[in-house]
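Q: Attaching a single structure in structure tokens format; questions to follow.
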Amino acid sequence: MYKNLRELRLANKIPVTEFLEKLGLSTKSAYYKKETGLVPITLEEAKKIADIFDMPIEEIFFNQKVS
């Protein structure tokens, strides 16, 4: 889940500073803790992230594969 978020951010060339502003975070450290999974992402933040990428929340945060 968190790896996917980082990959999306990098693929879309969104700097950390821009991303943390959109999420309402005050420091890079606060964002990196969320991106690496040290601090959980809230539902409100997940919605903002989905809006930034114009993707459903499920596609970003849930890796459900059916065999």
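The values are calculated or read from the model by the stated rules, or taken from the named source; none is laboratory data. This structure is a prediction, so every number in the text was calculated from the model and none was measured. All Cβ positions, even for glycine, are placed from backbone atoms using ideal geometry, and neighbour counts span all protein chains on display. Heavy atoms of the whole protein, side chains included, go into the accessibility calculation; ligands, DNA and RNA do not. Shrake-Rupley method; radii C 1.70, N 1.55, O 1.52, S 1.80 Å.
Q: Could you check region 1-33 and list, in sequence order, the residues that are touching a residue at least 12 places away in the same chain (Cβ under 8 Å), in a helix (DSSP H, G or I) and either of a type in the set (Asp, Glu) or farther than 15 Å from residue 59 by Cα (or both)?
A: Answer for region 1-33, where residues must be touching a residue at least 12 places away in the same chain (Cβ under 8 Å), in a helix (DSSP H, G or I) and either of a type in the set (Asp, Glu) or farther than 15 Å from residue 59 by Cα (or both): 16, 19, 22, 23, 28, 31, 32.
Q: Determine, yes or no, whether residue 45 is touching a helix residue (DSSP H, G or I) at 6+ places or on another chain (Cβ under 9 Å), surrounded by 14 or more Cβ atoms within 10 Å (Cβ to Cβ) and modelled with pLDDT under 90.
A: no
Q: Among what's in region 15-42 and is β-branched (Val, Ile, Thr) and open to solvent by 20 Å² or more (accessible area, probe 1.4 Å), pick the residue that is nearest to the chain's Cα centre (by Cα).
A: Going through the qualifying residues, I end up with 41.
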